[in-house]
Each structure stands twice: as structure tokens, then as C-alpha cells.
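The values are calculated or read from the model by the stated rules, or taken from the named source; none is laboratory data. Here the structure is a predicted model, which is why all the values come from computation and not from measurement. Neighbour counts are summed over all protein chains in view; Cβ atoms, including those assigned to glycine, are modelled from backbone coordinates with ideal geometry.
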Amino acid sequence: MAHNSPIEIEAHAKVNLTLEVLGKRDDGYHDIVSIMQTIDLHDSVSLTPSDDITLACDDPELSGYDNLALVAARELREAAGVDRGVAITLGKRIPVSAGLGGGSSDAAAVLNGLNRLWELELDLAELEGIAAGIGSDVPFFMRGGTALVQGRGEHVVPLAHADIQWMVVVSPETDLAEKTARLFREIVPSDHTRGVLTHKLAGRIRGGGDAPAQFFFNVFEPYADKVFPGYSAIRETFRSLGAMGILMSGAGPSMFALAPSREVGVAWQLMLEMQHGLRAYLVQRWDPPGPARRSTMRARVNRDSVE
Ligand code: C5P
């Protein structure tokens, strides 16, 4: 069926429940092991058929040629060998360059949406291959949910739903150029781990969704204060409200903590915003529609067959 009306997609943010670095690769990237989880905070992506590929964004600073949503459309047009265009409208709600994967999620939404709009019928594996060429976090966002992410980010194994619900995310402002690369450059061999913590947490999630914050980990956390001035003061403010197990997400500087209830989360969010002037969000885990466990079993079968 040809699409003439716009396709509207929610592009969700993520948090990293764990993020370990196994080592540096010859291609300059690092091998990571991470459990990522999408949350209900999202951007809005609208795709309308057009002759050219264009972008209108409510944040004018993000309307440039290098916006990952535009990159995604160009890469897909090239990979699929089609002569099609799209007018992309992007409503930003996810804070930019904050460790929540906003730009990567927008790119994934564009790939998924254009696959429909341009009637390409590419399967998930093909789309993930194109996604990996756009950015290391983009393959995860092709599906979202709870997933074990490995390699430089291109190996994504869906997990069962993690049994977590309310979280408060605090996103300090930053304008650090090449932030992710900058954080990875801080990593020294003594930071390298073997992914045991992540795999243990993945095992617990597979076995019933149990995801205690004691297993949460971020390899970049020790460098946060050096790279993001004021980070530890904000963390301390968050902690003083009673939040436990506060953890940075991705390459930061966003940090999050599980809230024991919606009510406590509302209180934290309001205090952080009103009393301390911080950008804070009360969010919930977000999972794509459809059965997570079947995907988990399929992923397991695939993995077992190559081991
Ligand atoms: O893939 P992406 O463009 O998001 O990566 C930005 C930078 O972060 C890379 O150029 C690289 O320096 C670093 N990186 C890394 N290992 C990864 C992902 C990113 O070293 N797994």
C-alpha cells in the first residue's frame, strides 16, 4: 500500500543499565557489553513523501546537514538504491548529547519509517546493518526494549522485559564537542572488564526480569567529574533526596536512579527541577509492542547455533 499521508513515529530515549568496556579494537572503536533499556521519554518524528530529503526541527541548532535523522535517510536511499525523498519533521524532547541516545533513536525511527514509506521491505538484519554505519547506538534503537548490546554496538540481543518501572533522569547541560569519543579516550586498560556483571544481570533478566540496581554499572562514571564540571555536585543533590544507586547513562552526563514508586519519583523530579533548577524527567521503562520472550528464545537459539 502506497503511503501518501505522513508516518508518525515516537523515537524513544534509552538508559544503560550497565556499560562495560572489554578492550580497544584495531579500528579505534572499543568492544562494549551493555544492557540498554528504552524509556518513555521520546522525540516525535514525522515523515512525509517529498522529492528531496529535508529536515525541519523545532531546535534550529539541530537542523543541519549532519543531523543523524538526515544521515539515516541519505544512507538508506543509497543502500536501497532508490530515487526517493522525504520531508522529515523532528520534535525534540530528549535532551541533546546527554547520554540518552536521542540522535541515534531519531535515526533508527527514520530507517524504520522510510522502510515503510518507500516500501523497501528490508528485514531487521538489513536495517541493523545500515544502522551500524550511522552510529554505534543506532542498531539497538531499531527495536528498543531491553537488550544486551555487544561489539561496538552492532550486536543486539533482545532480552525479556526488565522488571523496573519508574526512574528519574537528571540531564545536566553540556556542549562538549565529540563527547562520546572524549569519554572513550579516558578509558585505560585497568578499566577493561570481562562483561561478567552485565552477563549476570542479563541472566537474571532472562530468568524472570529481576534487575536490581546493585548490578548497574557504567565504566565512564569515574571520569564524569573531570569531563563534566559540576557533575558530582548534581549527583550529591540527587542523592540527598534519597535516591540510591544513581548511575550515569552512556557517555553522560545524564544520570538516573530507580524510583521506589511513582509518588517518590514525582517528588524527586519536582525537587530537582523547582528547588535546584535541574533538568529532570520522571520516566517509565518503555518496551515495543509484541512478545519480548519469544524474541529472547529465538535470539538464544541463534546464539547457541553459532557457539
Ligand atoms: O559510533 P559513534 O559515531 O556513536 O561513535 C562516536 C565515537 O565514540 C567513535 O568515533 C569512537 O571514538 C567512540 N566509540 C568507541 N567505541 C564504541 C563506540 C564509540 O570507541 N563502541
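Worth pointing out:
- Boolean, Glu178 is loosely packed, with under 13 Cβ neighbours inside 10 Å and more than 16 Å from the ligand (Cβ to nearest atom): no
- Scope the stretch 133-147; condition buried (at least 24 other Cβ atoms within 10 Å of the Cβ) and within 14 Å of the ligand (Cβ to nearest atom); matching residues: Asp137, Val138, Pro139, Phe140, Phe141
- Test for Ile94: is it in contact with a strand residue (DSSP E or B) (Cβ under 6 Å, 6 or more places away or on another chain) and either modelled with pLDDT under 95 or more than 16 Å from the ligand (Cβ to nearest atom) (or both): no
- Considering the conditions (1) touching a residue at least 12 places away in the same chain (Cβ under 8 Å); (2) more than 12 Å from the ligand (Cβ to nearest atom); (3) assigned by TED's automatic domain parsing to the domain that holds Ala233, Leu124 is excluded by exactly one of them, (3).
- Restricting attention to the stretch 8-44 and to residues that are surrounded by fewer than 18 Cβ atoms within 10 Å (Cβ to Cβ) and away from the ligand (no atom under 13 Å from the Cβ), the residue that is farthest from the chain's Cα centre (by Cα) turns out to be Glu8.
- Whichever residue in the stretch 104-119 is more than 16 Å from the ligand (Cβ to nearest atom) and free of Cβ contacts under 8 Å to residues at least 60 places away in the same chain and, among such residues, is farthest from the chain's Cα centre (by Cα): Trp118
- Residue list for the stretch 34-82, restricted to those being out of contact with any strand residue (DSSP E or B) (no Cβ under 8 Å at 6 or more places or on another chain), free of Cβ contacts under 8 Å to residues at least 24 places away in the same chain, assigned to a loop (DSSP other than H, G, I, E, B) and not aromatic (Phe, Trp, Tyr): Gly64, Asp66, Gly81
- Among (1) more than 16 Å from the ligand (Cβ to nearest atom); (2) touching a Pro at 6+ places or on another chain (Cβ under 7 Å) - the single one Trp166 does not satisfy: (2)
- Screening the stretch 111-222 for helices (runs of 4 or more DSSP H) wholly inside it with 3 or more residues that are in contact with a Leu (Cβ under 7 Å, 6 or more places away or on another chain) and at negative phi returns the ranges 124-134, 196-206.
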